[in-house]
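Asks: Mind having a look at this structure? Questions to follow.
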Amino acid sequence: MKPWKIIQKLESDNSRLFKEGVIQENIHDLDFQEGLSMCLDALVTFGVKQVPKSNEDGKGLNWKTFKNAALDLVERTKTGHAARDEIIDLMSQATIEEWNDWYRRILIKDLRCGVSQKTVNNVAKKMDITFRVPVFACMLSHDGMKHPKKIKGNCLIEYKYDGVRVIAITKNNNTTLYSRNGKIFSNFPHIEEALSKSEFNNMVFDGEVMSDDFQSLMKQVHRKTNAKTEDAYLALFDIIPLNEFNDGKSILTTIERKDLLAKFAEKFPACIKIVDYKVVNFDEKNGEDIYSAMNKKALEQGFEGLMIKPENDLYECKRSHAWLKMKPFIEVTLKVTEVHEGTGRHTGKLGAFTVEGNDDGKFFSLNVGSGLTDENREKFWTQKESLIGQLIEIRADAVTQSMEGESYSLRFPRFKTFRGFEPGEKI
């Protein structure tokens, strides 16, 4: 079956099993395989923004002719007007079906038939054949709160920006911006132009596109026309050579990649910035103090949190413990005014504290029942009378104000520790 007929058939039914069956019937066709790879491999780009539809039949365009011309676009041996003329020539040779349902869809990187890399690769795996469409992948973080033992020794701490994750890849003096899932961003031309230089060739820059107004930025990211993103900038926090990115793992450590990124700093225009970081030793009290100060700043200045990166770890194109995401939190110390018995399985044990007090100029009054282990609940309940007046340290996500506006509470408060041995004592 001709590739464009396969696409038409795939469009005819939305069933996943139907689509997998169609692919299974045709996946051994080498032209179809090559077309799938060209279209679905995110790292294959053609450097063209607009590809017209055909409304006139040509004599027919064979795959070899199209592939050779497409590779010229990939390698950027033809750009601008030459690329446009090449596309028009190819379209004039093809039949309407060939062009609109196959060749054009490859060039616009969208088969428009509900088939993805995952669909194709699942079929290939089930059939036990070697063909696979390369899958775009970048580094993702783990939740640092769930992996405290990973936070030790010398680590980099940097603020986590609240923007749009962007992977910028420069090849042949041309930069393409990708989402973390390999979707191409086309609405930041000034950032593309800033990195489309020979000195950045074969490098992968990892960062967040930022704007003064995040909500407005999100509205512009996927607009088809008239996107207003001139104020956006790219905040870079990592760099990796393209060949290592394709291999899925870096050779350089975190601190070595930071040094490499710093060497490019003077070549970046204003729309490219480098994220600041500090190296701290978490095995020392000073490191914990620096972390606490940065956490406080993250809360005050609206950062999404902190990233902790062991200095000798490598960049891996998957979710990795080399990046640990920490949500910002606040800590307040308040006095226990009441203790409450639990319910259900906590009957006969401590359920929650009522706490009050002033912290940072605000009067707090709230209940705290999270963060307690079963052992805590049993032990503290046996000593409940002596707990009144004790100071406890509470960790929370944010400060909230009561409806009456007379006192403050905390979002997701959890018990951390007692601050003294006697009522009112703070150590």
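Asks: Need pairs with beta-carbon distance below 8 Å; first residue free of Cβ contacts under 8 Å to residues at least 40 places away in the same chain and assigned by TED's automatic domain parsing to the domain that holds LEU391 and within region 333-353, second aliphatic (A, V, I, L, M) and outside any helix (DSSP H, G or I); sequence gap 6+ or separate chains.
Replies: What qualifies is HIS340/LEU350; HIS340/ALA352; GLY342/LEU350; GLY342/ALA352; LEU350/VAL339; LEU350/LEU372; ALA352/VAL339; ALA352/VAL368.
Asks: Another question about this same structure. Within region 183-207, which residues are within 21 Å of the chain's Cα centre (by Cα), of a type in the set (S, T, N, Q) and within 18 Å of PHE136 (Cβ to Cβ)? Working first, answer last.
Replies: Filtering region 183-207 for residues within 21 Å of the chain's Cα centre (by Cα) gives 183-189, 191-192, 195, 203-207.
Filter once more, keeping what is of a type in the set (S, T, N, Q): 186-187.
If the condition is that a residue be within 21 Å of the chain's Cα centre (by Cα), of a type in the set (S, T, N, Q) and within 18 Å of PHE136 (Cβ to Cβ), then SER186 is the only one that fits.
Asks: Pairs only if they're at least six apart or on different chains, beta carbon under 8 angstrom, first in region 267-295 and over 18 Å from PRO148 (Cα atoms) and in the same structural domain as GLU193 (by TED's automatic domain parsing), second crowded, with 17+ Cβ neighbours inside 10 Å and of a type in the set (Asp, Glu); list them, first residue then second.
Replies: VAL275/GLU158; ASP276/GLU158; TYR277/GLU158; LYS278/GLU158
Asks: Need a quick list: strands (runs of 3 or more DSSP E) entirely within region 154-201 having at least 1 residues that are basic (Lys, Arg) and in contact with a Ser or Thr (Cβ under 7 Å, 6 or more places away or on another chain). Let's see the steps before the verdict.
Replies: On the way: elements: 154-160, 164-171, 174-178.
In region 154-201, 164-171 are the strands (runs of 3 or more DSSP E) which contain 1 or more residues that are basic (Lys, Arg) and in contact with a Ser or Thr (Cβ under 7 Å, 6 or more places away or on another chain).
Asks: With the requirement that a residue be out of contact with any Phe, Trp or Tyr (no Cβ under 6 Å at 6 or more places or on another chain), part of a loop (DSSP other than H, G, I, E, B) and in contact (Cβ under 8 Å) with a residue 60 or more places away in the chain, what does region 133-153 give you?
Replies: Scanning region 133-153 gives VAL133, PRO134, PHE136, ALA137, CYS138, HIS147, GLY153.
Asks: Then there's this: Since LYS325 meets every condition but one in (1) out of contact with any Asp or Glu (no Cβ under 7 Å at 6 or more places or on another chain); (2) within 30 Å of SER250 (Cα to Cα), which condition does it not meet?
Replies: Failing condition for LYS325: (1).
Asks: If you take the residues in region 241-293 that are at pLDDT below 95, among the acidic types (Asp, Glu) and assigned to a helix (DSSP H, G or I), which one is surrounded by the fewest Cβ atoms within 10 Å (Cβ to Cβ)?
Replies: Here the residue is GLU266.
The values are calculated or read from the model by the stated rules, or taken from the named source; none is laboratory data. Since the structure is predicted, the reported quantities are computational estimates derived from the model, not experimental observations. Ideal geometry is used to build each Cβ from the backbone, glycine not excepted, and the neighbour counts take in all protein chains shown.
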